[in-house]
Structure formats: structure tokens, C-alpha cells
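*Asks:* If you scroll down you'll find the structure; I have some questions about it.
Read-outs: derived from the displayed coordinates by stated rules, not from any lab. Just so you know, these numbers come straight off a predicted model, no measurement behind them. Cβ placement follows ideal geometry from the backbone for every residue including glycine, while neighbour counts extend to all protein chains displayed.
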Amino acid sequence: MNETALTVHQTARPHGFPTAEHFAFVESTLPDPAPGRALVENLLWSVDPYHREMMDDVPGGFALGAPLEGRTIGRVIASRTPQLAEGEIVFHRQGWRTHAVVTPEEIRRLPRFDGVPLTAYLGILGGTGLTAYVGLTRIARLQAGEDLFVSAAAGGVGTATARFARLLGAGRLVGSAGSAAKADHLTRKVGYDAAFDYHDGPTADLLAKAAPDGIDVFVDNVGGEQLAAAVGALREFGRIIRIGTISQYNTADAPPPRFNYADIVEKSIRMEGFLVSNYRDLQDELYEFAIPHLQNGRLTPDETVVDGFEHIVHAFLGMLRGENTGKVIVRATAQVASDNTGISSGQ
């Protein structure tokens, strides 16, 4: 067992795009759990777009000079509570650190299923997948045969949305991404019928070419010009699911999207945003829906796995730059992949 622990602290508020200088790795003595607590050695970390929002001086945001939070999976290595046995694999939110002291109330035990890698619980079965599932089934109330447009389609939520929508019987799937290579990946590997690089011209023109007959649902991870284009492309009774505004995370002063607001009324369009934290009661429903498809091969997790906790900041910044496809997961070491926790190396 290592005798030291590492945590990542935010050291300053970014103005625009964050850099590695906004973070610091802090070394400390390995914590000793008090009675009623357990020490967890973390194995897998999730880095997510919402972390960028929390870096700003906002209610509930990250405190400067303190460990950052995040979704994490680890193994109990020392316990002073009968409710947590050494060797147990648990999920918790004390991320961005190599070790965490937790109470039984702060963890969630992960059900294990044959053929399902542990990484899936931070991706397609975790908050990322739950976001996509809630958006499609509760917010959009997707019906078989309906056509979708998804922005940031190559990211974690974007790939999960396409995979789930296909299983739910969606019609035409159109996605936008940040490069031609990603657009090609979406149609070859993820299941999109058409995809485009949003740098190639006005989004309204690119979307009209990819979905000439319009769309029924827009799953919005970006905002800005892509939101405006979707309003114009939506059919009568279309729905907009607002998940994120990543196009403005690093440009807070960017102008809001301009579109014909009369379309909202004349086409009876509904726009609704949501926080996945308000739908955690659907976690078991997500398992029931997704796990059989994971086991029979109809559902494939889309992951970019980065080895080494020391690379977590670069993995986060790379995700904000769009360097990943699918969900970004940081893994403790390459050797972990061969142990009995079921961690896979992703795609």
C-alpha cells in the first residue's frame, strides 16, 4: 500500500479556457479512517464538462485550495465500520484524489453483471448514460420513428444518446462534432445516419443537408448557433432537451443564440432542461434497460480511457478541447486492467 495520497486542488479561477496552471497536485500522508469510516483507494475517475462550470465563482462551485469532487470508483483497503468490508468496490463522489475516507452513507455499491466492465458505471451506466436516458425517455418522451439531432455527438452523452435512441426505435439520427474524423466515427461506429463537422459552415445549412425533412427532437449539449439551427429545423410539436452549453463554458460573454422566436409558438416547440441529479431514482431502471443489451452486444460503451492519475488534469482539459470520443475515464494504472475488478481498456 502506498504511504502517501495525492489530491488535485483548484488554485485560481480561470478567465476563459482553463490551463494546467489552475490546478495543483498536493501530496499528504495516507489518511487513517476514524471509527465508522473506511479508506478507499480510487481506481477510476470521471472527468465531465460540468466540472468547468464549477471552476467559476458560482454557488456550489469548487472551493480554491480544496480537493475537487467528482464521480469515482475505488476499492476499500481499510475499514473501521462493519458496513464496509475491505476489498469491496464502491462508487462515491470524492474524486480527483488517489484515496478517500468515506462513510457508508457516502458510497453506492455497484451491482456486478457478467460481461459488463467496471468502467461502464462511470459512463453508459453512470451519470453520463443516465443523462442520455432521462433526456430521451422523460424529457423528450421519444417515440419510435422520430428523428433526432444531437450536438456534441461524439462526447459521452452524445454517443450514449445515439446508442439508446437506436434501441428505443428512433428514426434518423444526425450528429454534429468538432472534426471530420469525429463525424466519420459517428457514422461508422456509433450508429448515426449522418454527421457533420460544425466548422464546415453555417450550422443551419449543414443541418438542412443532413436532415432535409427536419427533426423531431434536438438533444442540445452545446447551445449557441447549433441551438438556433435546431429551432429552425424542428417540426411541429418538436422538443429541445437542454443538457449543456459547452460552447459558452469558456466564453461567458458570448452572445445568446439568435433564432425566430415565433417558431416556438407556431410549431408548438417545447424546450426543457434538467439536472440528472434529480433523476437518480431511475438508476435501477437504466440498469434494467441497458445491461441486457450490453451483455448481448447490441450496446457498446464509447470510452476514452487515460492511464495514470497524474494525467487527470490533462484528460479534463483535453475533453474540453474535444480530443476524446465517448466518455473520458481516468484509470489508476495500466496494470489495474488485468486484476479481478473487471476494468476494461475501453475502445
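*Asks:* Going by how many other beta carbons lie within 10 Å of each one, how would you line up Tyr121, Tyr192, fewest first?
*Replies:* With the sparsest Cβ surroundings first, the list reads Tyr121, Tyr192.
*Asks:* With θ taken as phi - 60° and the coefficients 6.51, -1.76 and 1.60, list the Karplus ³J(HN,Hα) couplings across the range 3-19 in order, rounded to whole Hz; mark glycine and proline as x.
*Replies:* 9, 10, 10, 10, 10, 9, 10, 8, 9, 7, 7, x, 10, x, 6, x, 10
*Asks:* How do the peptides 209-219, 49-59, 131-141 rank, highest first, by the average count of neighbouring beta carbon atoms within 10 Å per residue?
*Replies:* 131-141, 209-219, 49-59
*Asks:* Fewest to most neighbouring Cβ within 10 Å: what's the order for Ser79, Ser179?
*Replies:* So the ranking, lowest neighbour count to highest, is Ser179, Ser79.
*Asks:* What whole-number distance in Å separates the alpha-carbon centres of the range 183-200 and the range 56-89?
*Replies:* 36 Å
*Asks:* By a straight-distance test (C-alpha under 22 Å), which lysines pair with Lys182 as possible cross-link partners, with residues fewer than eight away in the same chain excluded?
*Replies:* Candidates past the 8-residue exclusion: Lys209, Lys327.
*Asks:* Quick one: check the C-alpha center-to-center distance for the range 15-55 versus the range 270-323, whole angstrom.
*Replies:* 19 Å
*Asks:* Treat the count of other C-beta atoms within 10 Å as a stand-in for reagent exposure and order Ile89, Ile107 from fewest to most.
*Replies:* Going from sparsest to densest Cβ surroundings: Ile89, Ile107.
*Asks:* Computed from the coordinates I sent, semi-axes √(5λ) of the Cα gyration tensor in Å equals one of (1) 36, 23, 17; (2) 45, 27, 18; (3) 36, 27, 16. Tell me the label.
*Replies:* (1)
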